[in-house]
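Participant: Shown below is the structure under consideration.
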Amino acid sequence: MSVETQRNGGLSTLELERNGFRELRGGNLGVRIASTPEEIDAAQALRYRVFVEEMGAQPSEEAFRLKRDVDEFDAYADHLLVIDHAISSGPEGVVGTYRLMQDDAAARLGRFYSESEFDLALLHKFSGKLLEVGRSCVDARYRGRAAMQLLWRGIASYIFLHRIDVLFGCASLAGTNPDELSEELTYLYHNHLAPPALRVKALPERRVEMLRCDPLTIDRRRALARLPPLVKGYLRLGGYVGDGAVVDHQFNTTDVAVLVKSELMADKYYRHYERRLRDALD
């Protein structure tokens, strides 16, 4: 349930962190898995600052009281952290985070977070290993290339260590008016729709159509430029989107399902780190 007790092939996630997924560095910044309650708390505090105070999400009573973005999924997930060692090598240095939940952890809880918005029946039938990602955010002062690259490197290392086959989650576009996002949603649907075997669909009662205008009339370059950096990152890795979007009024966003087959990340990340990771595990 916690980072110390989740198991993978006889090794806890924390043990894998110490023996295999060692911190990856880029200058003063490093990326690693949270290993203490204090570090997870720092990630939740960062999420609150970004999602609630900056982006206007509506916090629960508990979140407002604690000034932390918290939910029941946190205890079952691993928390990837970007640390600025110039500030601190501990909780005070947390400047970026990403929540990672494997399918066995979701089975213990009873569901994935994304299932409140999307029908994941196709993924549940999938024979490979799944990883749900979400709650990604970076402190405003660090939203350059370095922090996001470290997060992607960290995810790639995690996928390699845990032999993940498909990464998926909810990706958010700012705003709750789909008509104002018509070009972006249409572009995603027309150019990056998932193949049938992975084409998860928005829940019928929450579904918003993504094909909102003639795809031949949109400015593709402008639509792509308007997409959030995280969504563009998924697309650069060969990612897909599901069928249908969902308006999330609590977080002031319109969400799409994103999916990436881990083999598509191989050329960009795996080969570069595979030897180092394998040597670390020997």
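Participant: Give the residues of region 232-252 that are within 30 Å of PHE64 (Cβ to Cβ) and either without any contact (Cβ under 8 Å) to a residue 24 or more places away in the chain or surrounded by fewer than 22 Cβ atoms within 10 Å (Cβ to Cβ) (or both), sorted by residue number.
Facilitator: Result: VAL247, ASP248, HIS249, GLN250, PHE251, ASN252.
Participant: Are any residues in region 223-242 outside any strand (DSSP E or B), within 17 Å of CYS213 (Cβ to Cβ) and either under 14 Å from the mean Cα position of the chain (by Cα) or not hydrophobic (A, V, I, L, M, F, W, C) (or both), and if so, which ones?
Facilitator: Within region 223-242, ARG226 is the sole residue that qualifies.
Participant: Test MET210 against the stated conditions and say whether it is under 22 Å from the mean Cα position of the chain (by Cα), part of a loop (DSSP other than H, G, I, E, B) and either surrounded by 17 or more Cβ atoms within 10 Å (Cβ to Cβ) or at pLDDT 95 or above (or both).
Facilitator: Considered against the rule, which asks whether it is under 22 Å from the mean Cα position of the chain (by Cα), part of a loop (DSSP other than H, G, I, E, B) and either surrounded by 17 or more Cβ atoms within 10 Å (Cβ to Cβ) or at pLDDT 95 or above (or both), MET210 comes out as yes.
Participant: For region 70-91, enumerate the residues that are within 28 Å of GLY26 (Cα to Cα) and within 15 Å of the chain's Cα centre (by Cα).
Facilitator: ASP74, ALA77, ASP78, HIS79, LEU80, LEU81, VAL82
Participant: Considering region 86-102 alone, what residues qualify as being modelled with pLDDT of 95 or more and of a type outside the set (Ser, Thr, Tyr)?
Facilitator: Of everything in region 86-102, those that are modelled with pLDDT of 95 or more and of a type outside the set (Ser, Thr, Tyr) turn out to be ALA86, ILE87, PRO91, GLU92, GLY93, VAL94, VAL95, GLY96, ARG99, LEU100, MET101, GLN102.
Participant: Still on this model: Could you check how many residues of region 17-68 are among the small types (Gly, Ala, Ser) and touching a strand residue (DSSP E or B) at 6+ places or on another chain (Cβ under 7 Å)?
Facilitator: 4
Participant: Another one. Taking the stated definitions as given, is GLU184 part of a helix (DSSP H, G or I) and surrounded by fewer than 15 Cβ atoms within 10 Å (Cβ to Cβ)?
Facilitator: no
Participant: Within region 1-34, which residues are modelled with pLDDT of 70 or more and either within 15 Å of GLU92 (Cβ to Cβ) or not in a loop (DSSP other than H, G, I, E, B) (or both)?
Facilitator: Hits for region 1-34 are LEU24, ARG25, GLY26, ASN28, LEU29, GLY30, VAL31, ARG32, ILE33, ALA34.
Participant: I've got another one for you. Can you name the condition, by its number, that GLU61 falls short on among (1) at pLDDT 95 or above; (2) over 23 Å from ALA146 (Cβ atoms)?
Facilitator: Of the numbered conditions (1) at pLDDT 95 or above; (2) over 23 Å from ALA146 (Cβ atoms), the odd one out for GLU61 is (1).
Participant: Mind listing whichever residues of region 101-120 are free of Cβ contacts under 8 Å to residues at least 60 places away in the same chain and either in contact with a Ser or Thr (Cβ under 7 Å, 6 or more places away or on another chain) or aliphatic (A, V, I, L, M) (or both)?
Facilitator: MET101, ALA106, ALA107, LEU109
The values are calculated or read from the model by the stated rules, or taken from the named source; none is laboratory data. None of these values were measured; they are calculated from a predicted model. Note: ideal-geometry Cβ built from the backbone for every residue, glycine included; neighbour counts use all protein chains shown.
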